[in-house]
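Note sheet for the following structure.
Every number here is computed from the coordinates shown, using simple stated rules; none is lab data. Just so you know, these numbers come straight off a predicted model, no measurement behind them. Here Cβ is always computed from backbone atoms with ideal geometry, including for glycine, and neighbour counts include all displayed protein chains.
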Amino acid sequence: MEPTYQRLTFEEREEISRGLASRLSIREIARRLSRSPSTISRETKKDRKHWMRYRAIVGQHRMQRAAALRRKGKMKLSSSSSLLSVVTRKLALAWSPEQIVVYLKKEYPRDMTMRISHEAIYQYIYVLPRGTLRKKLILDLRQQRAFRRSRVTKRGTTAEKRGKIADMISIEERPLEVRDRTIPGHWEGDIVVGDRKKPALGTLVERTTRYALLVPLKEKNASIVRQAYAKALRQLPKDLVKTLTYDQGKEMSEHVQFTVDTGVRVYFAHPHSPWERGTNENTNGLIRQFFPKGTDFSKVSTKQIRHVQNLLNERPRKTLDWKTPKEAFNHLVALEH
C-alpha cells in the first residue's frame, strides 16, 4: 500500500528556506527531507519571481489560507440546502459566482445564512470529487481564460489580404458620443459562425446597456445579413438605434443600402482590432458558452436562440451596477414614450 501524501509542515518549510539560502539544489533539499523533488519544486515556485527568497512563514500562511477557503466553500454549501439550491439554480442559468453573490445580498438582505463569497462557490465546485455533479457545475461556469485561445495571431502582423468594402466610413469618423457611451442607441455587430457554408448567428449589442439581439442567418451572405439586421433593428424605437460599428467582414458590404433601409450609419473598425468593438467581442464570448465553435446552426431552433438571448439580457451585470441589460434597456424605452 502506497503511503498517503502529507502536506509540508512548518519545520520542513524552514528547512527549505535554509537550504535555498545555502544554495543547495532542489534535489539535495528533497533528499534531506525524504521528499520528492517535485514537491519541493512546486512549493518554492509558487512565487516564481522571488523563489530564491522563499520564506517558510509565507509558505505556511499561503497553505493555511488555501485550506481555509477549501473548507469554507465546501462546508458552507454542503451544510445549507437552501443556499446550495439557489447557487446551483443560478449557475444553471449561466450566472457567474460574483453575480450570484450580489443577487443573494439583494434577495436575502437580513438572512446571513444566505451569504457566501464568489471564491467559496468556485472552491466548492472544484473540491468536489470527480463525478457527474462536479462535471455539470463546471460546465455551468463561463468559459475560463485557461481554455481560451489567444486572439493575437500571425495574421494580425501581416498586411490585410481581404478586399476592401466600398464606401466604408472609418471608426475614426464616429461621433464622440459613441466612444464615451454617454448617449444610448449605438450598437456593435458581428457574426458567430458555425461551419463555413452553413447558417450563422448575427449578434447586435447596444453599447450603453449591453442589451443583445441574436439574429438567425440562413447564410453569411451580404444581402441576407442586411435584411435580417434591418428587420431586427426596426422592431426597436428609432431613437435607440443610431449607429452600428462593425468589423470589415464582407457580410456588411451592403452597408450603404442598410443605411438607406434603416437610417443607421455603419462605421467600420480597423482590421484585426477586436478591442474597437469590445462590447460585442465580450458578448460573443458569452454566446460561445451556449453555442461552441463548430455548432451547426441549421440544427438550432429560433426558440433556442431566443432562450439564449433572454438568458444574456436577464443576467445582472457588474458594469450596470448589477442591473440586467433588459432592465437598463427597458428603462430607456420607457423614457422614449
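Go through 207-216, 250-259, 25-34 and give me the packing order, highest mean Cβ count within 10 Å leading.
207-216, 250-259, 25-34
Please enumerate, by chain and number, the aspartates and glutamates with C-alpha under 15 Å from the C-alpha of Lys242, excluding those fewer than 8 residues away in the same chain.
Glu173, Glu177, Asp180, Glu188, Glu206, Asp261, Glu336
Rounded, prolate or oblate for segment 217-337? Axes are the square roots of the Cα gyration tensor eigenvalues, ordered a ≥ b ≥ c, and the cut-off for rounded is a/c under 1.5.
Verdict is rounded for segment 217-337.
Show me the ranking of peptides 164-172, 263-271 by mean Cβ neighbours inside 10 Å, starting with the highest.
Descending mean neighbour count gives 263-271, 164-172.
Taking the number of other C-beta atoms within 10 Å as the exposure measure, put Phe297, Phe10 in order starting with the fewest.
Phe10, Phe297
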